[in-house]
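Colleague: If you scroll down you'll find the structure; I have some questions about it.
The values are calculated or read from the model by the stated rules, or taken from the named source; none is laboratory data. Note that the coordinates shown come from a computational prediction; the quantities given were computed from them, not determined experimentally. Using ideal geometry, Cβ is built from the backbone for each residue, glycine included, and neighbour counts are taken over all protein chains shown. For the accessible areas, the whole protein counts, side chains as well, though only heavy atoms, and no ligand, DNA or RNA atoms are used. Shrake-Rupley method; radii C 1.70, N 1.55, O 1.52, S 1.80 Å.
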Amino acid sequence: MADGGNTAADLGAWICFEDEAGQGLRPPKGTTWGRRGRTPVVRLTSRGTHRISLAALLAVKPGEPPRLIYRAHAYRGRKDEKKGFDEGDYIRLLDTAHQQLGGPIIVVWDNLNTHRSARMRRYLAARDWLTVFHLPTHAPELNPVEGVWSHLKRSLANLTKHTIDQLMRLIKTRLKRIQHRPALLTGLLAHTHLPIGNPNY
């Protein structure tokens with residue numbers, strides 16, 4: 001990351017941490033209040049394969065507020081329907097980030113097979129504004145987007161949605177709230193203890 005930091009300073013680039021997550025109709029477990037002696041019961045729908053895939057970038061640059069850019073994909077269990085993100089989806093996310101951030105990007109992500117595929121390498125080679133670094137294996141604590149997912153799933157605990165479209169609307173609402181909390185994003189970045197500079201907010 002020291003080399004990435006030097007590269008970012010030299011290029012005037014944004015450092016963008018990327019990660020993926022998923023959520024089905026069964027909500028994460030959480031604590032809640034209830035009447036003494038009566039355990040709260042949450043009724044839910046758990047259709048097996050329906051799922052939302054998420055991919056997000058947390059972008060940081062000294063002197064700028066941190067930014068969160070995300071994409072969501074709903075899988076409804078239909079025949080021949082794409083279950084999650086492929087290389088093209090990740091590249092569209094990076095292209096969108098480049099347009100919104102208005103400058104070079106250094107992407108820091110994990111060693112997912114899709115991130116290292118031949119198709120992805122061709123995509124990356126065609127973008128001279130993009131530099132890629134891979135995180136060490138089994139080091140989620142170095143990626144602040146993991147904190148975004150943790151914060152999101154805590155907010156979904158014990159909330160029941162009966163359709164994938166209802167869940168999608170709720171997730172987007174929660175992520176938009178996170179987007180508008182730069183202090184939270186800064187805290188997630190600080191939690192990694194990486195020397196990436198202090199964004200202003």
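Colleague: Take the solvent-accessible surface of the protein heavy atoms, probe 1.4 Å, and return the percent of it on region 54-153 that carbon and sulfur atoms account for. Walk me through the numbers before you get to the answer.
Modeller: Values: 2330 of 4880 Å².
Here it works out to 48 percent.
Colleague: Let me ask another. Between Rg and the Kirkwood Rh of region 99-143, both from Cα atoms, what is the Rg to Rh ratio?
Modeller: Working: Rg = 11.7 Å, Rh = 11.7 Å.
We get a ratio of 1.00 for region 99-143.
Colleague: Let me ask something else. In Å², what does the accessible area per residue of region 60-130 work out to with a 1.4 Å probe? Don't skip to the answer; put the middle values down first.
Modeller: Numbers: 3770 Å² over 71 residues.
I get 53 Å² per residue for this part.
Colleague: Each label point is 7 Å from the Cα along the Cα-to-Cβ direction; what then is the distance between the points at Lys82 and Arg177, in nm?
Modeller: Those two pseudo-labels are separated by 3.0 nm.
Colleague: Where does region 65-120 land on Rg(C-alpha)/(2.2 N^0.38 Å)? All intermediate terms of the calculation are to be shown ahead of the outcome.
Modeller: Numbers: Rg = 13.4 Å, N = 56, 2.2 N^0.38 = 10.2 Å.
Relative to the 2.2 N^0.38 Å estimate, region 65-120 comes out at 1.32.
Colleague: So how exposed is Asp110, as accessible area in Å² (1.4 Å probe, rounded to 10)?
Modeller: For Asp110, the solvent-accessible surface is approximately 40 Å².
Colleague: Please report, to one decimal in angstroms, the Kirkwood hydrodynamic radius of region 69-201 built from all distinct Cα-Cα pairs. Mind showing how you got there, number by number?
Modeller: Numbers: mean 1/r = 0.0589 Å⁻¹.
About 17.0 Å for region 69-201.
Colleague: Quick one: if you stick a label point 7 Å off each Cα along the C-beta vector at His162 and Ala190, how many nm between them?
Modeller: The modelled label-to-label distance comes out at 4.4 nm.
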